[in-house]
Amino acid sequence: MIGTSYLVDLNPSQRRAVGHGVAATGANVAGPLLVVAGAGSGKTNTLAHRVAHLLLHGADPGRILLLTFSRRAAAEMELRAERIVAATRGQVSIPGRSPISWSGTFHAVGARLLRSYAKSIGLDPGFTVHDREDSADLINLVRHELGLSEKEKRFPLKGTCLGIYSRAVNAAEPLEAVLRKQYPWCAEWENDLRELFDAYVDAKQKQHVLDYDDLLLYWGELMQVPELAGEIGALFDHVLVDEYQDTNALQASILRGLKPDGAGLTVVGDDAQAIYGFRAASVRNILDFPNQFRPPATIVTLEQNYRSTEPILAASNAVIGLARERFTKDLFSDRTSSEKPALVTVPDDLGQVNYIVTTILENREAGMPLKQQAVLFRTASHSAMLEIELTRRNIPFVKFGGLKFIEAAHVKDLLAVLRWAENPSDRVTGFRVIQLLEGVGPGTAAKVLDSMAGRSPTDALALFRPPAKAIDPWRELVALMQGLIDHAASWPAGFDLARQWYQPHLEQNYPDAVVRVGDLDQLQRIAAGYPTRARFLTDLTLDPPSATSDESGVPSRDEDYLILSTIHSAKGQEWKSVFVLNVVDGCIPSDLGTGSSEDIEEERRLLYVAMTRAKDHLSLIVPHRFYATQQAKSGDKHLYAMRSRFIPPSITQHFEQQTWPRTVRAAHTGVTSSGVTVDLGARMRGRWRQTGS
Ligand code: ATP
Ligand code: MG
């Protein structure tokens, strides 16, 4: 008999979801299940308990598929489930030793499946994955080849082209419709864009390269082949998906392909938190889930929010209550508190930064570690001034959702070497590597790549006659590639080879090479944790560790540090104290998002997501003026700002309105002070020492 003490902490609805379809005998044939409920109602917690419950009832951990929003979220879920299992069995859980072998994002799992099935679907199993920047570079190459960049009028930039392509393939919408709705200023280029995208698709196939979108598209196509779909579906007894509101129609069809009758399928989500419309995710997905199946999925709703105090929840509910449409119900909280969320008006960016730093330090003084506090913002660049101030004052922080560690040029260089060895037909990557050599420019690089077509890559490289200046470096590059490709250096030994080769190029190309070496050390540590080069490269491209996240080693887990995060990257998380920056029109809603009313609604949900991350304290900060980094034409400037339209006067009673710096009215004199405090006693002591000794 298995103990089920872990169920005691759950409420009856959560328990129902955890136990859905699990027979005491261990036969786990459950019909599809949807858990739909608001923020902080324990959806993720319920999912973790369900995984544990399944494992304790005999489910095979190798046959569970866990799909989450990030690798970090997957790892946390595994850890939670593992702890419950270990505690129930009276064992000690060993972190990082999860028996669940299939978990991660849709993209990462897709990449893994495609690699295993590559041979059956005409893919090269050595395919590499391009990140957005590489994809844009490849589009650019193709655009040049087609002569589109020399048009008289300005053709859309590479990033825009990629955006249009991505939208069309993800939403499965005709190009014409995408242009009309989302990119009207590009509509005149429809024919050229079609030609460009045809050529882009060809180039990717020739070069054995998949971009982010391809991972889902190919996986989706794979699931259309009945025999293969059956085979893949049979790999898993249980498929569990968190944050289902941010999946799109393609992801829904993949799940249907895996489990046509929904058996063993569990999805959880909250339509009020759908924030990925720009990736063609659709709220409809979650709402339509139950009726895709016959019989339809069981629906469990949850009512209680366990995360936030009652006043924080009331304010969040008020914000989302103004949404045009919404399906999940308001939650209740029994965590009473007399502290309403603060709506803090500050004069400008500097005031905002001062307010945050002061409050954070006060909180820490009062016993709240920095790790329990988070500053959230709409766009990664909004935290720039705060980062400077935190650095100046030696307050450690970790930022999520900003420039990623692997986007740094030197890290990209080293990864490019490994990726090129993995897939020598990848031209964008080859271009980057070849041009690291002194005296070799784009013209030579193109010739090298052309000479490799249809031949053994290392033979072609060895036969190539480089410019006189580059003869020695060329020989070294050839030797490296022979080591990596022909002698298939083992892993992570291959990493060491590449790193040794790269060191002189690092020193030559970057004046601050000494600083950059630290990043390469981190990369080396990460590489050592992977079984193969292919897994390392794919995972890093799909879900890169952030610049200073704990995964990359600095600061260490034991140290205390403040969390800085974009709202998008804060999904699913919670902190005792949360600060939201720039709660003004133009930031939330962002200027980018003020196009259609759908976009506005998505921005409202973003604010709701931000607010519902807070457990005990929440401050929304409203600067009167903020500093906007504009497009090159108008330069940077200060703009006067209005409080976000999502907090109209009709709901301000849910907030405690404050201004900063605090103005303190002295009781009798009527004199106001600026809030500056000085310790006159200390001054007097100092004076005394000077004069009295
Ligand atoms: P989000 O929508 O933000 O992803 P969620 O619905 O996934 O939130 P969780 O993160 O699972 O919510 O849980 C929120 C908090 O509530 C966590 O701290 C969790 O431990 C706690 N919690 C969940 N269920 C219970 C319960 N039955 N009793 C006490 N605490 C609970
Ligand atoms: Mg969650």
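The values are calculated or read from the model by the stated rules, or taken from the named source; none is laboratory data. Computed from a prediction, not measured in an experiment: that's the story for all the values here. We place every Cβ from the backbone using ideal geometry, glycine too, and count neighbours over all the protein chains shown. Ligands, DNA and RNA are stripped out before the accessible areas are found, and what is left, the full protein with its side chains, is counted by its heavy atoms. Shrake-Rupley method; radii C 1.70, N 1.55, O 1.52, S 1.80 Å.
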- request: Please say if segment 290-345 is rounded, prolate or oblate, where rounded means a/c under 1.5 for a ≥ b ≥ c the square roots of the C-alpha gyration tensor eigenvalues, and otherwise the choice is prolate for a/b larger than b/c and oblate otherwise?
  value: oblate
- prompt: Considering only the other residues whose Cβ falls under 10 Å of the Cβ of residue 262, what net charge follows from Lys and Arg at +1 and Asp and Glu at -1?
  reply: +2
query: Which of 187, 170, 147 sits closest to the plus end of the dipole of segment 105-221, meaning its Cα is farthest towards the positive end, when Lys and Arg get +1 and Asp and Glu get -1 on the C-beta?
result: 170
statement: In terms of the alpha carbon gyration tensor, root eigenvalues a ≥ b ≥ c, rounded if a/c is under 1.5 and otherwise prolate when a/b exceeds b/c or oblate, segment 405-535 is oblate
- request: List the aspartates and glutamates whose Cα lies under 17 Å from the Cα of residue 576, skipping any in the same chain that are fewer than 8 positions away.
  value: 310, 334, 339, 362, 365, 560, 616
- line: Scoring only Lys, Arg, Asp and Glu (+1, +1, -1, -1) among other residues with Cβ under 13 Å from the Cβ of residue 15 yields +1
For peptides 209-218, 370-379, 131-140, sequence by mean Cβ density within 10 Å, most packed first: 370-379, 209-218, 131-140
message: Could you order the peptides 310-323, 281-294 from most to least packed, using the average number of other C-beta atoms within 10 Å per residue?
response: 310-323, 281-294
- prompt: What FRET efficiency do you get for residue 8 and residue 288 if R0 is 35 Å and r is their Cβ-Cβ distance, rounded to the nearest 0.05?
  reply: 0.50
message: Quick check on my link table: of 206/399; 399/615; 412/615; 158/469; 43/412; 158/206, which ones sit more than 29 Å apart, alpha carbon to alpha carbon?
response: 206/399; 412/615; 158/469; 43/412
task: Only helical DSSP H runs with n ≥ 4 go in: add -39500 (n - 2.57) per run for the chain, normalise by residue count and round the 222 nm mean residue ellipticity to 500 deg cm²/dmol.
output: -13500 deg cm²/dmol
query: What size of dipole, in debye to the nearest 20, comes out for the chain about its Cα centre when the only charges are +1 on Lys and Arg C-beta atoms and -1 on Asp and Glu C-beta atoms?
result: 1480
- line: Per the 1/(1 + (r/R0)^6) rule, R0 = 22 Å and r from the Cβ atoms of residue 350 and residue 515, FRET efficiency to 0.05 is 0.20
- prompt: With contacts defined as alpha carbon pairs under 8 Å and 6 or more residues apart, what's the relative contact order of the chain in percent?
  reply: 17
- request: Please find the FRET efficiency linking residue 172 to residue 150, where r is the Cβ-Cβ separation and R0 is fixed at 56 Å, and quote it to the nearest 0.05.
  value: 0.95
message: If I compute solvent accessible area with a 1.4 Å probe over the protein chains, what percent of it on the chain is carbon and sulfur?
response: 52
- request: Leaving out ligands and nucleic acids, note down the accessible area per residue over the chain with a 1.4 angstrom probe, in whole Å².
  value: 45
- prompt: Out of residues 5 or more away from residue 337 or on other chains, whose amide H comes under 5 Å of its own, with H placed 1.01 Å from N in the peptide plane?
  reply: 310
query: Which shape class applies to the chain: rounded if a/c is under 1.5, otherwise prolate when a/b exceeds b/c and oblate if not, where a ≥ b ≥ c are the square roots of the Cα gyration tensor eigenvalues?
result: oblate
- prompt: ³J(HN,Hα) across segment 216-233 via Karplus (A = 6.51, B = -1.76, C = 1.60, θ = phi - 60°), whole Hz, x for Gly/Pro?
  reply: 7, 5, 5, 4, x, 5, 4, 6, 8, 8, x, 4, 5, 4, x, 5, 5, x
